[in-house]
1. Could you check, for the stretch 55-73, whether at least one of its residues is open to solvent by less than 30 Å² (accessible area, probe 1.4 Å) and without any contact (Cβ under 8 Å) to a residue 24 or more places away in the chain?
2. Residue by residue through the stretch 17-48, note down the ones that are in contact with a Pro (Cβ under 8 Å, 6 or more places away or on another chain), closer than 18 Å to Glu63 by Cβ and in a strand (DSSP E or B).
3. Quick check on this structure: which one of Thr73, Thr60 is at pLDDT 95 or above, on the phi < 0 side of the Ramachandran plot and under 10 Å from the mean Cα position of the chain (by Cα)?
4. Which of the residues belonging to the stretch 32-49 are without any contact (Cβ under 8 Å) to a residue 12 or more places away in the chain and surrounded by 12 or more Cβ atoms within 10 Å (Cβ to Cβ)?
5. If the Cβ limit is 8 Å and pairs must be 6+ apart or interchain, which residue in the stretch 1-21 that is among the charged types (D, E, K, R) pairs with which residue that is surrounded by 10 or more Cβ atoms within 10 Å (Cβ to Cβ)?
6. What tally of residues in the stretch 17-31 results from selecting those that are at pLDDT 95 or above and open to solvent by less than 80 Å² (accessible area, probe 1.4 Å)?
7. Would you check if Val52 is modelled with pLDDT of 95 or more, of a type outside the set (Gly, Ala, Ser), part of a strand (DSSP E or B) and open to solvent by 70 Å² or more (accessible area, probe 1.4 Å)?
8. Under the condition of being assigned to a loop (DSSP other than H, G, I, E, B) and surrounded by fewer than 11 Cβ atoms within 10 Å (Cβ to Cβ), which residue from the stretch 1-16 is modelled with the lowest pLDDT?
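The values are calculated or read from the model by the stated rules, or taken from the named source; none is laboratory data. Quantities reported herein were computed from a predicted structural model and do not represent experimental measurements. Here the Cβ positions follow ideal geometry from the backbone for every residue, glycine too, while neighbour counts run over all protein chains shown. The protein model used for the area step is the full one, side chains on, heavy atoms only, and it has no ligands, DNA or RNA in it. Shrake-Rupley method; radii C 1.70, N 1.55, O 1.52, S 1.80 Å.
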Amino acid sequence: DRKLLVASQNIFLTPQPHPTRTLSEHVISYVIKGGWKLDIGGEIITAKSDSVFIQPADITHTEIQNCPAGTQTMYIHFSM
């Protein structure tokens, strides 16, 4: 069984940091506009407009670079 925990979107009007965290659920993120540069379990992810990336459960993700002003994302947190 899969359980959807939260689905929403964010708009960052100014450059923002992404919090360092280890979640107990998986996250699928879609970058509508702007981008993120993250370290996800030792792999550097550069997500730009119109890209999708997955943050696996129980893997720490850390920001490498703030998102630019105007970044828009959609995300789904789910467990399996």
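1. Taking the stretch 55-73 and keeping what is open to solvent by less than 30 Å² (accessible area, probe 1.4 Å), we get 55, 57, 61, 67, 70-71, 73.
Next cut, without any contact (Cβ under 8 Å) to a residue 24 or more places away in the chain only: none.
No, the stretch 55-73 contains no residue that is open to solvent by less than 30 Å² (accessible area, probe 1.4 Å) and without any contact (Cβ under 8 Å) to a residue 24 or more places away in the chain.
2. Across the stretch 17-48, the qualifying residues are Gly35, Ile40.
3. The match here is Thr73.
4. Pass one, the stretch 32-49, residues without any contact (Cβ under 8 Å) to a residue 12 or more places away in the chain: 42-43, 45-46.
Selection gives Ile45, Thr46.
5. Correct list of pairs: Arg2/Phe78; Arg2/Ser79; Lys3/Phe78; Lys3/Ser79; Arg21/Thr60; Arg21/His61.
6. Result for the stretch 17-31: 9.
7. On the way: modelled with pLDDT of 95 or more: yes; of a type outside the set (Gly, Ala, Ser): yes; part of a strand (DSSP E or B): yes; open to solvent by 70 Å² or more (accessible area, probe 1.4 Å): yes.
Considered against the rule, which asks whether it is modelled with pLDDT of 95 or more, of a type outside the set (Gly, Ala, Ser), part of a strand (DSSP E or B) and open to solvent by 70 Å² or more (accessible area, probe 1.4 Å), Val52 comes out as yes.
8. Only one residue tops the list, namely Asp1.
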